[in-house]
Amino acid sequence: MNDQDRGLRARLVTAGVELLAGEGVHALTLREIARRAGVSHGAPRRHFPTHRELLAAIAGHGFGELAAALAAADAQAGPGAGPRTRLAALCRAYLGFAAADPGMFELMFRHDLLEGSGADLRRTTLPLFETFTRLVAEVRPPSGGAPAAVATALWANLHGLAQLRTWGSLRPATGADDIEPLLRAALDAHLGPEPR
């Protein structure tokens, strides 16, 4: 792939990222992405033989941003922070990412749209999940469940909180928009109460 091809590929992904941020997943048609990138509607097919492959490249961009946000949160927690403190920081960063870019967050987890894309998104996502699992194992939840199962349950809980907040469903249920008490409750539910 030459520089011109790489540039067009990057323009298509950037156009998709911008379209997603402004209009949501439903707007990500090949024709609209091409229009936003300033190319003919057939041009994306040169780099992305299927619509799913282009969506996967856009989602891959999001996973890269999420990985950077989680790494920054972990670094900010500090090398001396305990596993529960680090895990809480990662959870806050995950929820913050979901709130800041709900369209991207939705696309990244829409396997119905990404399945069969040929993209190996697991290369990006698996290390993120392994970090969560390792920290869960270090906390040693009282349930005695396998760390991967506990980490998956915690992730599902976080994902649900993120989605409910996006839909505006938290305020009717809790009377507030503050997600911090819900995050603490989720951590306590999956890891046991924080030691005093």
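Does Ala151 meet the test of being buried (at least 16 other Cβ atoms within 10 Å of the Cβ) and small (Gly, Ala, Ser)?
Yes; evaluated as a whole, the condition is true for this residue.
Here is a list: Ala67, Ala56, Ala98. Which entry is small (Gly, Ala, Ser) and modelled with pLDDT of 95 or more?
Ala98
In region 23-56, which residues are in contact (Cβ under 8 Å) with a residue 24 or more places away in the chain, closer than 18 Å to Leu113 by Cβ, small (Gly, Ala, Ser) and surrounded by fewer than 21 Cβ atoms within 10 Å (Cβ to Cβ)?
Of everything in region 23-56, just one residue is in contact (Cβ under 8 Å) with a residue 24 or more places away in the chain, closer than 18 Å to Leu113 by Cβ, small (Gly, Ala, Ser) and surrounded by fewer than 21 Cβ atoms within 10 Å (Cβ to Cβ), namely Gly24.
Of everything in region 168-188, what is part of a helix (DSSP H, G or I) and exposed (fewer than 15 other Cβ atoms within 10 Å of the Cβ)? Give them in sequence order.
Hits for region 168-188 are Arg171, Pro172, Ala173, Thr174, Glu180, Pro181, Arg184, Ala185, Asp188.
Ala146 versus (1) surrounded by 14 or more Cβ atoms within 10 Å (Cβ to Cβ); (2) under 21 Å from Cys91 (Cβ atoms); (3) at pLDDT 85 or above: which is the lone unmet condition?
(1)
Can you list the helices (runs of 4 or more DSSP H) lying wholly within region 98-167 that have 3 or more residues being farther than 18 Å from Leu66 by Cα?
Those helices (runs of 4 or more DSSP H) span 122-139, 147-166.
Out of all the residues in region 86-104, is one or more touching a residue at least 40 places away in the same chain (Cβ under 8 Å), of a type in the set (Lys, Arg), surrounded by 15 or more Cβ atoms within 10 Å (Cβ to Cβ) and in the same structural domain as Val150 (by TED's automatic domain parsing)?
Within region 86-104 (the criterion being touching a residue at least 40 places away in the same chain (Cβ under 8 Å), of a type in the set (Lys, Arg), surrounded by 15 or more Cβ atoms within 10 Å (Cβ to Cβ) and in the same structural domain as Val150 (by TED's automatic domain parsing)), the answer is yes, since at least one residue qualifies.
Would you be able to tell me the number of residues in region 131-148 that are under 19 Å from the mean Cα position of the chain (by Cα) and of a type outside the set (Val, Ile, Thr)?
4
The values are calculated or read from the model by the stated rules, or taken from the named source; none is laboratory data. Predicted, not measured: the structure shown is a model, and the values here were computed from it. Please note: Cβ atoms are built from the backbone with ideal geometry, for glycine as well, and neighbour counts cover all protein chains shown.
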